[in-house]
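Note sheet for the following structure.
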Amino acid sequence: MGSLVLCLDIGNTHIVIGGYEGERLVHHWRVKTDHERTEDEYAVALLSLLSFAGVQPEDVGGVALCSVVPPLTGTFITIARKYLGHVPFVVNATKNVGVRIQVDNPAEVGADRVANTAAVVHRYGGPACVVDFGTATTFDVVSREGAFIGGAIAPGLGVAADALVQRTAKLPRVALEPPPSPIGTNTVHAMQSGIIWGYVGLMEGLIQRFRTILGEDMKVIATGGWAAKMAQLSPVIQYVDPWLTLEGIRLIYERNR
């Protein structure tokens, strides 16, 4: 049996895949989520990525996944069993995740938020807030004692921009980048200001409200597809950790295996 642990973060927009040797992330890939793909097509994509990296199925010693896309959860469980010879460990809030989940209904907390919490407690400690920029932007808040105590969920940057275009008759689709000035002097720049700087304001406003509860020493860690870009636009983000969710999946897997 191989030693590589394969971790998959299955999201609505992308599937992020990481290969770990012990605690070290040695491979990582990002694949577009496509609900039209068949199980066989996903299997070909996964096995091709592994092959290009010089990884054979027998090199994989375990598989763990977290998913916010229920139809694809079963797809990748089957792929892992059929092609890699492993029944994957599936992360959720009911498992031994190593942190307390102190919310009204722990079972409904998304698996990605659980993984983020496990990783941020391990790497940064509390109090902390993980801002995960994905299809939705989630704010995962960790107490000073290292417990997940809730947070906020907002539409992702791309979702907000798409809604603005789809629900208006004359507004065009624009590049998601800051305009020359926050005061837009044409339609495109006005939309870019509202989308980008409006989003920065949303993020900074929520984080400041969290800090009034947890203290000014609350750390802010960004992850997800827009993390690096948003960190350039706002000093409130202190750390960018692009593989935080994968690290959480690995930690929870190691705790339970």
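Where a number appears in this text, it was derived from the coordinates with a stated rule and is not lab data. Bear in mind that the values here come from a model prediction, so they are computed numbers and not experimental data. Note that we place each Cβ from the backbone using ideal geometry, even for glycine, and neighbour counts take in every protein chain shown.
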- Query: Whats the longest run of the chain with zero GluC sites (Glu not before Pro) that are DSSP loop and have at most 14 other Cβ atoms within 10 Å?
  - Reply: 37-144
- Taking Cα atoms, how many degrees apart are the long axis of helix 111-123 and the longest axis of the chain, rounded to 10 and kept between 0 and 90? 90
- Message: Given points 7 Å out from each Cα along the Cα-Cβ axis, report the VAL69 to GLN238 separation in nanometres with one decimal.
- Response: 3.4
- Task: Would you mind checking which residues have amide H under 5 Å from PHE133's amide H? H placed 1.01 Å from N; only 5 or more apart, or other chain.
- Result: THR223, GLY224, GLY225, TRP226, ALA227
- Note on the structure: For the chain, the longest principal axis of the Cα atoms and the Cα long axis of helix 198-214 enclose an angle in degrees, to the nearest 10, of 70
- Query: When you count, for each residue, the other Cβ atoms within 10 Å and take the mean per peptide, how do 233-239, 146-152 rank with the highest first?
  - Reply: 146-152, 233-239
- Query: Counting Lys +1, Arg +1, Asp -1, Glu -1, what net charge surrounds VAL87 among other residues with beta carbon under 15 Å of its beta carbon?
  - Reply: +4
- Note on the structure: With Cα coordinates, the longest principal axis of the chain makes an angle with the long axis of helix 157-166, in degrees rounded to 10, of 60
- Query: For GLU254 and THR94, FRET efficiency with R0 = 22 Å and r from the beta-carbon atoms, rounded to 0.05?
  - Reply: 0.80
